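Heads up, the thing below is written out as structure tokens.
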Amino acid sequence: MRDEADDLSDEQLRYILFDVGSIRLATPLLSVREIVEPIPYKSVSNPYASFLGLANLRGQIIGVIDFGSCLKMDPVDGAAGSKMIVFDGEDTKLGILVTGVQSPIKIAA
């Protein structure tokens, strides 16, 4: 018989793989709110080239970051097949643009 603590530890071992150009990265599945097609955003004045602006995702305002620019690579914004990974932080929501998203994987302890 499994208890909830076992289920939670299994969840913490699941990751979403995503690509930025030729680099494959991973993030814990529980940190991802959703994965969507890129949505329109409004540019805002800011000191960071990788921060593209703000977008309205079903009534919630999220920051949009080009993760390719963050990694000093080619920008992802406008690339064919790109996706937006939306993270749900304590005080804000953030969407990062990536070139592709893979299926979740489970990494054994």
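Given a 10 angstrom Cα cut-off, can you work out which residue in Ile65, Ile23, Ile35 is the most mobile in a GNM of the chain?
It is Ile23.
Let me check I've understood the local charge: for Val101, count other residues with C-beta under 15 angstrom from its C-beta, Lys and Arg +1, Asp and Glu -1. What total comes out? Mind dumping the intermediate values first?
Working: positive: Arg14, Arg24, Arg33, Lys83; negative: Asp19, Glu34, Glu37.
Result for the local shell: +1.
Taking N as the number of residues in segment 45-98, what is its alpha-carbon radius of gyration divided by 2.2 N^0.38 Å?
1.11
Gaussian network model of the chain, Cα springs within a sub-10 Å range: biggest mean-square fluctuation belongs to which of Gly59, Gly21, Gly81?
Result for the chain, Cα springs under 10 Å: Gly59 fluctuates most.
In Å², and per residue, what accessible area does segment 65-105 have when probed at 1.4 Å with the other protein chains present?
Each residue of segment 65-105 exposes 54 Å² on average to a 1.4 Å probe.
Report the trypsin sites (Lys or Arg not before Pro) located in segment 64-109 that are in a DSSP loop and have at most 16 other Cβ atoms inside 10 Å of their Cβ, or state none.
Listed in order of number, the matching sites are Lys72.
Classify segment 32-71 as rounded, prolate or oblate, taking a ≥ b ≥ c as the square roots of the eigenvalues of its Cα gyration tensor: rounded when a/c is under 1.5, otherwise prolate if a/b is larger than b/c and oblate if not.
oblate
What is the spin-label model distance, in nm, from Lys42 to Leu25 if the labels are put 7 Å beyond Cα along the C-beta direction?
Label at Lys42, label at Leu25, 2.7 nm between them.
If Lys and Arg each add +1 and Asp and Glu each add -1, what is the summed charge of the other residues whose beta carbon sits under 10 Å from the beta carbon of Leu57?
Details: positive: Arg33, Arg58, Lys93; negative: Glu34.
Here the charged neighbours net out to +2.
Once you list every other residue whose beta carbon is under 14 Å from the beta carbon of Ser82, what net charge do they have if Lys and Arg are +1 and Asp and Glu are -1?
So the surrounding residues net to -4.
Starting from the exponent 0.38 and prefactor 2.2 Å, build the expected Rg for the chain from its residue count and divide its actual Cα Rg by it.
Values: Rg = 15.3 Å, N = 109, 2.2 N^0.38 = 13.1 Å.
Relative to the 2.2 N^0.38 Å estimate, the chain comes out at 1.17.
Restricting to Cα pairs below 8 Å that are 6+ residues apart, what does the relative contact order work out to for the chain? Please round to a whole percent.
Once normalised by length, the contact order is 31 percent.
The values are calculated or read from the model by the stated rules, or taken from the named source; none is laboratory data. Every value quoted in this text rests on a predicted model; they were computed, and no experiment measured them. In this analysis, Cβ positions are derived from the backbone assuming ideal geometry, glycine residues included, and neighbour counts consider all displayed protein chains. Side chains included, ligands, DNA and RNA excluded: accessible areas come from the protein's heavy atoms. Shrake-Rupley method; radii C 1.70, N 1.55, O 1.52, S 1.80 Å.
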